[in-house]
Amino acid sequence: MTDTDQSRQQNHKIVIVGGGAAGLELATRLGRKLGKKGLAEVMLLDAAATHIWKPLLHEVAAGTLDEAEQVDYLAQAYRNHFRFRLGKMAGLNRQKKEIYTSPTYNDNGEEIIPRRTFTYDTLIMAIGSVSNTFGIKGVEEHCYFLDTTSQAFRFQKQLVESYIRSVAAAGPGKTKGLSIAIVGGGATGVELSAELHEVTGMLAIYGLEKSSHVKLTIIEASPQLLPALPSKLALATQNQLAKLDIDLKLGCRVVEVTKQGIKTLADELIQADLKVWAAGIKAPDWLRQLDGLETNSINQLIVDETLKTSDDNIFAIGDCAACAWLGHQGNVPPRAQAAHQQADTVSHSIINRINGQSLVKYVYRDYGSLVALGKYSTVGNLMGNLMGTVTIGGFIARIVYLSLYKMHQIAIHGYYRTALLTLSNVFRRSAHSKIKMH
């Protein structure tokens with residue numbers, strides 16, 4: 001290798017926008033393989049300071065997730081030889097190979113980080129997805145969302161306050177009641193409903209009397225719960241939720257959300273004190289104006305079989321990428337397993353790119369889907385070349401479900417640190433309350 005070639009490699013700037021499952025795993029991999037050896041500069045940009053695996057946000061919202069599960073980006077960057085910058089991407093100049101961030105403000109509205117410009121040689125968009133409101137009136141104003149950690153914490157705080165308020169308003173021998181409606185019967189909505197059912201029981205145990213009854217309702221436009229799963233699994237989940245006295249409104253299309261409740265196409269008003277929107281996803285709207293990069297109808301960046309966008313220097317992975325699913329109709333589904341696989345593929349492609357080799361083609365491998373109903377049950381299906389599709393449930397399904405998160409932890413922490421974190425959490429849970437009360 002000549003001095004010129006070595007200098008080119010050392011100066012190669014890799015910028016990853018978005019620290020979700022895909023972005024953080026990619027930054028960690030490239031930091032270990034390139035940043036540690038000084039072969040490239042790896043930078044991760046995110047609008048938050050900490051990371052929580054998105055499939056766990058329903059536990060954050062319910063207050064059952066241990067706060068120790070958060071990953072500090074700065075500490076992760078230091079340990080894995082990449083740089084972290086706090087900020088929200090606001091623009092892109094493909095010709096100059098520059099991205100721009102908007103100013104960052106504190107809770108008092110004071111600017112703490114000004115607008116900045118970062119240059120790149122390779123840019124990876126991994127900003128994830130947000131809830132799709134489908135333009136329905138009142139959703140933005142009256143519903144809570146679980147797209148980010150801050151949104152999940154906001155709902156959790158309001159949940160506890162609303163429960164305490166309802167208990168206080170009920171008085172001795174009276175029932176005030178608290179009603180929670182979740183729009184969307186996919187994995188997020190179903191898992192959240194089961195977690196909330198468990199939490200309200202814990203609140204009573206901790207001294208908030210059961211004089212305040214909590215009514216949980218799931219509203220789903222499809223005639224089937226969990227539309228993405230086989231009908232057998234959907235029915236099993238439906239039966240389990242019915243045992244928990246969770247009201248299911250299936251085949252029910254929402255037309256408006258008001259302060260009092262949720263209006264349906266059948267002109268029914270489903271009253272709710274707290275309303276959560278978990279019905280569909282899209283990529284953020286600002287991707288449509290990202291300097292001409294091609295997007296689809298839900299703002300996802302269209303990528304080829306190597307996860308490269310219409311710009312040779314820009315890749316997209318995770319929920320913000322529209323990647324054709326080979327051998328199937330439609331695109332690769334927005335799942336954590338897809339994000340994990342895409343991060344692995346792009347890490348190899350970027351290393352090849354720096355070394356002047358060809359990019360790696362991405363092939364999605366569907367290992368099935370799992371839905372956890374808190375402590376009550378876990379259902380799902382596993383897929384493989386040898387055994388085909390197998391339906392599982394109960395303890396085995398729960399173990400497999402937990403292993404998915406452990407795979408993510410191993411990808412960013414390694415085996416040794418993941419083992420220590422798991423052991424630490426066991427002791428923490430024995431000493432702390434099972435739910436967050438503030």
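Read the figures in this text as sums done on the coordinates, not as results from a lab. Model, not experiment: these values are computed from the prediction. Using ideal geometry, Cβ is built from the backbone for each residue, glycine included, and neighbour counts are taken over all protein chains shown.
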- Spin-label point model (7 Å from Cα, Cβ direction): what's the Thr119 to Arg253 distance in nm? 5.3 nm
- Most exposed first, judged by fewest Cβ atoms within 10 angstrom, Thr295, Thr119, Thr28 run Thr119, Thr295, Thr28
- Task: State which entries of Lys88/Lys137; Lys282/Lys361; Lys13/Lys97; Lys157/Lys282; Lys97/Lys308 exceed 19 angstrom in Cα-Cα distance in the structure shown.
- Result: Lys88/Lys137; Lys282/Lys361; Lys157/Lys282
- Task: Using only the alpha carbons of region 139-277, determine the length spanned along each of the three principal axes and report them from longest to shortest in whole angstroms.
- Result: 44, 31, 31
- Query: With each pseudo-label sitting 7 Å past Cα toward Cβ, what's the Gln329-Asn296 distance in nm, one decimal?
  - Reply: 1.3 nm
- Hey, what number do you get for the chain at 222 nm if only DSSP H runs of n ≥ 4 count, each worth -39500 (n - 2.57), divided across all residues, to the nearest 500? -10500 deg cm²/dmol
- Query: So how long is each side of the chain along the principal axes, counting just the alpha-carbon atoms, biggest first, in Å?
  - Reply: 83, 54, 46
- Message: Place a point 7 Å from Cα of Lys13 in the direction of its Cβ. Which residues in region 85-107 have their backbone N less than 13 Å from it?
- Response: 93-101
- Item | Sequence of Ser131, Ser310, Ser193 once ranked by neighbouring C-beta atoms within 10 Å, starting from the fewest | Ser310, Ser131, Ser193
- Are there chymotrypsin sites (Phe, Trp or Tyr not before Pro) in region 261-332 that DSSP marks as loop and that have at most 15 other Cβ atoms within 10 Å, and which are they? Trp325
- Which value results for Rg/Rh of region 65-173 when Rg is the Cα radius of gyration and Rh the Kirkwood radius based on the inverse mean 1/r? 1.08
- Message: For Lys36, give me every one of the aspartates and glutamates with a C-alpha distance below 17 angstrom, ignoring sequence neighbours fewer than eight places off in its own chain.
- Response: Glu25
- Task: Calculate the spin-label point distance for Thr422 paired with Lys406, positioning each point 7 Å from the Cα along the beta-carbon direction, and give it in nanometres.
- Result: 0.3 nm
- Query: Where in the chain are the helices, taken as whole DSSP H runs, whose Cα atoms extend 15 angstrom or more along the long axis and whose Kyte-Doolittle mean reaches at least 0.5?
  - Reply: 187-205, 394-413
- Task: Determine, for each peptide in 49-61, 72-84, the mean count of other beta carbons within 10 angstrom over its residues, then list the peptides with the highest first.
- Result: 49-61, 72-84
